[in-house]
Structures are given as C-alpha cells and as structure tokens.
Amino acid sequence: MSVNASLQSSGFTHELGAHNRRTRLVTRLAMLLDPLFFLLTLACAASIVAITVLLVHQLYVHSVESRNALGWNFLIGQNWDPVAGDFGALPFIFGTIVTSIIALLIAAPLGIATAVFLAEMAPPRLSRLMAFLIDLLAAVPSVIYGLLGIFLLAPFLTKVVVPPLQKALGFLPIFSGPFYGVSLFTACIVLAVMVVPFIVSISREVLLSVPRDQREASFALAATHWETVWRVVLPQARRGIYASVFLALARALGETMAVTMVIGNTPQIAKSLFAPGYTIAAVVANEFTEATGDLYLSALIELGLVLFVVTIVINGLSRLLIHATTGGHDHHG
Amino acid sequence: MARLALRKSVNAVMFSLTFLCTVACLGVLFFILGYLFWNGGRDLNWNFFTKLPAPVGESGGGMANAIVGSGKLLLIASAIGLPIGILGGIYLAEYRGKTFPFIVRYATDLLNGVPSIIIGIFAYTLIVLKVKHFSAWAGGFALGIMMIPIALRSTEEFLRQVPSSLREASLALGATQWQMILTAVVPAALRGIVAGIMLDLARVAGETAPLLFTSFGNRFWSEGFDKPTASLPVMIFTYAIGPYEDWHRQAWAAAFVLLAMVFFFNLAARGVMSWRRAQT
Amino acid sequence: MQITVPHRMSQKSQIQTVIPTSRKRQMDTRATNGTRERAIIRSQNFSLYYGSKVGVKNITMDIYPNSVTAIIGPSGCGKSTFLRSINRMNDLIPHVHHEGRLEVAGQDVYDKRTNLVNLRQEVGMVFQKPNPFPKSIFDNVAYAPSLQGIRNKGELQHIVEQSLRAAALWDEVKDDLRKSALALSGGQQQRLCIARALATKPRVLLMDEPCSALDPIATGRIEDLMGQLESSYTIVIVTHNMQQAARVSDRAAFFCLGALIEYDLTSKIFSNPSKKETEDYVTGRFG
C-alpha cells in the first residue's frame, strides 16, 4: 500500500480509516449506538433508585389507615386484638428487639472468638477452608433453620438444656415459668446460630486487614500472641468488628421464617424468656394473608414500615463504621 | 518468672477458647448438614420429584409442582433482577459521575438491607392488590428485586478489577465505548460476573417470606405464570408447621433438595472463579 | 540505560558508531528529499494541558511518511503525552484541553468532525506493557477487523495471517492460533500487540516505550521488526533508551519539560546537536 498514493486522496474528514464503504457504515452505526448503550445502563441504574423510592412510598401510603386511626399509640399499645380492632405494636417491637439483642449477645463473642482463631492461629489454608465452610452456614435458607429449630432444637432444649437451667437459675424472672419448646429463648438461639457466620466472616477479614507490621512490632516487644491480639490487633479492628455486629443485628431484626417457626407466635410481653412471643416479621408472615379488613392490613403494613426504618438505621450505622475502618473497601454480602 | 508463666498460660487458655468456638461453629455446620442429609435423604424417592401433593391427610404424594414452581419463580426473578443489576453495575463501573452514582450505590445498599418480608409487602401492594390474586409474577418480582443488589455489586466489583490497559488497548484499536465494554471488558470479567449470578440465585432460591403472600402456594400445578404457584421453601414451611407426620417427613426431604440446590450454586460459583486460572 | 562514559569526545564517537552505516546513508539522502515530501503528521504550536498542568507546550514538528521517528527525553517531559495526543488517547483523562493544531494526513485530529474510531484505525498504538486481551491469539488480532464489521471467516483468517507475518510472529504461532494470548512470552505478546494494531491497516504506528518491559533479545527482535515495517508504515516511537533511538530512528525529537528542544536527523542529534540541552542529554550529563 503506497502511502503517498493514499495521501493524494481527498482529506480524511470522514474518510479516516474507512477502507471501504462497509466499514464506514459499521463504524458510523457503532458510534450511534454509544449514547444508546449509555442510556440503557443509566436507565437500569436509575430504576434501582426508582424502585427504592417506590418501596418507601408504598409502605407509607398503604399504612395510612392505621397511622391515621391509631397515631403514635400504635407503637406503645400492648394489645394486639384484630377481632376487637385493637392494634398495638409493642409486643412485636419487644419480641423483635429482645430476640435480636440476646441472639447477638450469644453470637458476637462466639463469632469474634472464631474469627480471632481463624485470622491469628489457623494456618492460612486451613483458615480459608474453614472460612469457606462457615460461609456455607450463611447460605443455609432461613426456613431450613426453622425446620431444624422445630424438630431438633426445641426438643433438645426441652429435654437437655432447660431443666438444669430452671433448677439453677429458675428464681430469675427471665428463666421463670414453664417451657414448651417454642419460646423467645428458642428463637434467640436459632437467631444466634444464623447470625454467627456473618460476624465470623466480616471480623476475620477485618482482622486480616490489620497490617502485619503492627503484630511484628508487638512481638518484638516480647508480647505473647494473645497479648498482641488483645492489645494491638483487636483494638485496631474494633470498628470493623462493631460494624459486623451491627450488620448481624440488622439481619436478626428482619429474620422471618426461622423465628416464626420457633417463637410461639403469641403477641404478649412476657418477663420470661421461656414464654412464647412474637416479632414484627413473624406476625406479618403469619397474619398477612388472613388479614380481614383494611385497617388490619394497614396495621400490618405499618409494622413493616417500622421494621424497615429500624433496619435502615442500623444498616446505615454499620456501613459508616465499615467505611471508616477498612478505608472504604466494602466486603461481600 | 511467675508473671511470664502466667502470661503464657493466659495465652494458651485464650487460644484454646477460640479454638473451641471455631469447633463449635463448624460443628453446628456439620451437624446441620449431616442431620439434614440423613433425615431428608431417607425420604427422598422418585415420587417426591414426580408427584403432586396428596390430598390433605393422606400420605404419599410429592412436590413436583413445588420444584417446577420454584423454577418458574427463579426464571422471572432472573429476568428482572439480572439485567437491571448487571447493566447497572456496568453503568457504575464504566461511566463517570459523582452524585448520581453515589445515589445509586446508596439505594442499592438500602435495598440489600431490607428484610425480605418487606420486599414481599412491596410486591403485594404493587401487583397482588391490583390484580386481586396471587401469582408467580408477583413472587418472581419480589425475588427479582432481591437479586438486583447482589448482581450489581458483584458486576461492578469485577469490572473494576479489569486493568485499564485493556480498555486502552481496545479504544486504541478503534472500539467505541459500548464496543469496548461488551467485547473487551465484560469478557475479561465474565468469570466473576457468572459467579456472582450463581451466588445470587443461591441466595434467592431459599427465600420464603416474600413468597408467602405473593405467589402464595398451590397444591396443584399452576398453568402459566398468573396463578398462585407452589415453591419449595413455602412447601417446607407449610408442611413443617402442619400436623401430619407424613408432611414432616416430606419437609425434610424438600429441605434436603433445597439445600443441595443452594450448596450446588455456591460451590459452582467458587468453582467458576478458580477454574482455568492455571491456563492464564 | 545510562551511557556512562566520562569523556565527552569519546562519548560522541561511541554513539556515532552505533548507527549502522548503511542506514546513515539512507537517512542522509532522505534528508535532502524530506523537504519535498508532505508530512503525514504535522504539529503546529500544539499544546496539551491537564487542567492547569502543562503536558506539552508549543510543539511544532513534522513527521514524514515511511520513517521511524524517535521521541526522546527524560521522564515526565511530555513524550508520551504528545504521542497519545496523536490518536487522542489523552481524551480519557479528565479536564484535558489543547491549543494549536495537530494534523494527521492533513486532517485536524482535534476537529469536531473527526471520527475518533476512524482516527484510531488509521493511527495504531502499541503500549509500554504488552496488553493482549485474555482471548486467543486469533481473536486478539481479529479484534479490530471484526469491530469494523468484517465477519467473513476467510477474510478474517487472511487478515490475521497477514498481520502476524508483518509482525514477525506468524511462524511461532501458526500451529495453534486458538491458544490463549496470555500463554505467550513477553516479547511474543508485544509482537502480538503489534500484529493486532497492524490488523486495521493503519498508516501510522505509535509505539510508547514498547521494549521497556522486555528482555534484550526480545527488544532486538522488535527493533528489527521496526526496520522492516518502516517501508510500509510511519512509526513514531517514544523511548528512554538512547541507544535504541540511535539504532532504529531516522529522525529524533528531544523533549524536555514539556517543550520540544530539538528535532532533526538522528545522526545530527547524536553526533552534533545544536542545542546544549540536547547535547547534555545525549551525552548522559542528565536524565
């Protein structure tokens, strides 16, 4: 190809690189599609925002009846009696908060300890393998945890765990009263088991992200391994670990199936953990399809709105914490 | 000297404790798996996969309609969730911007954190209330919304990992931006995106709560997508809380199948990630 | 690579002998013809800014067809910036703007009517670190033609073979074009990138330090390749390796701190430069 010859041809304005008509057309078509593709991706991204806004909107709009009829008393009302038209959310708020917090009180130490072992003690390959297995725990569907809860955990607690507990600590109000398998206590345990893998997974990553030279500095100062972990590594990983706990809390609050299968589904505020209870998610799951009348449905949706707000706040806090610790690097899940 | 001995023993004790905790966690996993596979596997038979549920109170029957129903729901969910999530991920990774991408990411994180039952309420108010009946569309829609955040985040993450030298090479060869994205960047990130899709499916396949009042359930076949549709997770729930021994056995069998499916997707996702790494 | 010889005189003669004599003769005759040829790349007071930072300032030079032009200078002096302006790869950087005029074959590259895709088909680029796509060898070379709409298998195969031959890679890979490009050695990957760029049948080939990531043997092969390609293409190469510049190029441009200090025949730049800064650079006093 003689460059001189092609230089003689007309200036390139639209002829640059166009060796033949077909490539010219193809090129022009391709360039036309550019803004279209951009708009397509933009539209998809925008639709996510739209869906989220619509979600909030729907929750708000469809709870208007009960909000107007009951006002703020909804949140502090202790009676849930749909037949009588009495809708008080407090038993569910109580159940949700109590089960989640106790579940976390169990799961957090367990999870963090496991994460410490996996990050500090276990050889890397073993650590990765174990972390993978624990991630599998996180993948188990909620309804299966519920199944195990009903048929395994509840009988186990009834026969093996609760009697000694009642004997030893039965004088405490929280361990008073009879135990029939389904109860707040059972729900707490199930939730704890469900939530541990999240704490382990995130905490382990956070611990691993603490720079090696910090540990080395501590060892060089003749600290034992545990002292290094306790005084140097954990403090630096503190915020990320808190974040993982918050995230786990958010999950526990919204957990539906496993809870509704083991909690006893009784809208009451009991002082004993052995008594049955109810959570927001559980009552919505159970009574939604049987809600007669608009006020009933509206009350359930308002419960959903409450749960939504609480979850968002806690998730938001945890994201802030994660961002502050690991330099904005987000984790999976 | 005594102090050192004390510190050393504290070291040993604390790490033993952490080891015990780890064993406990893993023990739970193995126990769950073992019990499930033993208990569920016992009652798995051909009937389970081919027969409809028997009339209430009678034994026998299977969950063929639930398996197919779950398949339908996942199909609709994928058709809604994957395109929006993946294309949204492409937008965030490949195009510049400050406020709007921030809003998109925030909305995605928000959506990801919403309890699934509330997504169910959303689908209910949008679809079931309007058409006055339960349907696979409504259930699939709810699951689809749950699929969006995961698909978007994993797509964006893997696209960002593609080195900019690849983009430069593509542009320097005369590719337009969309050509660069679709012919050079996405293929390079494909493994991760596919793994993300599988994890997405695994997560959503086991969801029960949003289906309770959207696709609801069905003891028979549901023709098309516009009728109440049975699904594995909902069947497990219904049978587990039911009074019949036979139902309980079937619930275990269904749990086995469901868990096997979820684990399969999970393991396949990891397999996709590490496969063929030796070649490149 | 620093040429560290203490004495100035022997320094000059050392560089002189590196230039093969046959090439010197060829370049000298072209020197007299050069003024009659139309430049294929013309830069007229071209400047490029990143926001307020200067990339290059007031570059005026003509690059002639079927030649190898080397752009040399210390790091950060704007060599790559100028090179990447020719095929507008700098557009990828935010807040970039330019002044002056940069023409390829008479067409203002920064004109609004210039079709970027076509420009890049005419002006190919090879990068510092080989960046083949994680696809097969065939798919790498066929990438650009297939974007241009060439779907015919036979035609694509022909283009791929042509390009691989032109890049002196055909014999090494012809047995298995389906092999992954990433399985090739560094030098082979870079030649693959050259083949890939040649597949669009460009008139100009821009090379941004193409050998800096390669071992000396691979480097040598690519330098030989440049000599072969010269007859059909115009090559502009940015290099920080002065010996390489002296070996392969007909003309050399010395950039410093974003400005073009001197642009002349390679023989002159290295043996008898006009500007002191040029002399200081080529004798190793700085940079």
From the set of residues in segment B:147-192 that are more than 8 Å from every other protein chain (Cβ to nearest Cβ) and small (Gly, Ala, Ser), which is surrounded by the most Cβ atoms within 10 Å (Cβ to Cβ)? B:Ala151
Residue match in segment C:138-153 (condition: modelled with pLDDT under 90 and at positive phi): yes
Restricting to segment C:212-235, name every residue that is outside any helix (DSSP H, G or I) and over 18 Å from C:Ala166 (Cβ atoms). C:Ser212, C:Ala213, C:Leu214, C:Asp215
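Please work out if A:Thr114 is within 20 Å of B:Leu17 (Cβ to Cβ), crowded, with 21+ Cβ neighbours inside 10 Å and among the hydroxyl-bearing types (Ser, Thr, Tyr). Let's see the steps before the verdict.
Details: within 20 Å of B:Leu17 (Cβ to Cβ): yes; crowded, with 21+ Cβ neighbours inside 10 Å: yes; among the hydroxyl-bearing types (Ser, Thr, Tyr): yes.
Yes: the conditions hold for A:Thr114.
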Scanning segment A:19-65 residue by residue, the ones that are within 30 Å of B:Thr108 (Cβ to Cβ), assigned to a helix (DSSP H, G or I) and polar (S, T, N, Q) total 4
Got at least one residue in segment A:64-77 being closer than 30 Å to C:Val204 by Cα and surrounded by fewer than 17 Cβ atoms within 10 Å (Cβ to Cβ)? no
Look through segment B:104-130, keep the residues that are more than 9 Å from chain A (Cβ to nearest Cβ) and either in contact (Cβ under 8 Å) with a residue 60 or more places away in the chain or of a type in the set (Gly, Ala, Ser) (or both), and return whichever of them is farthest from B:Leu92 (Cα to Cα). B:Val128
Test set (1) surrounded by fewer than 24 Cβ atoms within 10 Å (Cβ to Cβ); (2) within 15 Å of the chain's Cα centre (by Cα) - B:Gly242 fails condition number: (2)
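When you go through B:Val10, B:Val23 one by one, which is the residue that is more than 24 Å from A:Glu255 (Cα to Cα), among the β-branched types (Val, Ile, Thr) and out of contact with any helix residue (DSSP H, G or I) (no Cβ under 8 Å at 6 or more places or on another chain)? Give the derivation first.
Values: B:Val10 fails: out of contact with any helix residue (DSSP H, G or I) (no Cβ under 8 Å at 6 or more places or on another chain).
Within the list B:Val10, B:Val23, the selection yields B:Val23.
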Which count do you get for residues in segment A:98-123 that are more than 10 Å from every other protein chain (Cβ to nearest Cβ) and not in a helix (DSSP H, G or I)? 1
Filter result (surrounded by 13 or more Cβ atoms within 10 Å (Cβ to Cβ), charged (D, E, K, R) and more than 10 Å from chain A (Cβ to nearest Cβ)) within segment C:91-113: C:Asp91, C:Arg101
Take the residues in segment A:273-297 that are away from every other protein chain (no Cβ under 11 Å) and crowded, with 19+ Cβ neighbours inside 10 Å, then tell me which one is nearest to the chain's Cα centre (by Cα). A:Tyr278
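The values are calculated or read from the model by the stated rules, or taken from the named source; none is laboratory data. Here the structure is a predicted model, which means the values were calculated and not measured. Note that we place each Cβ from the backbone using ideal geometry, even for glycine, and neighbour counts take in every protein chain shown.
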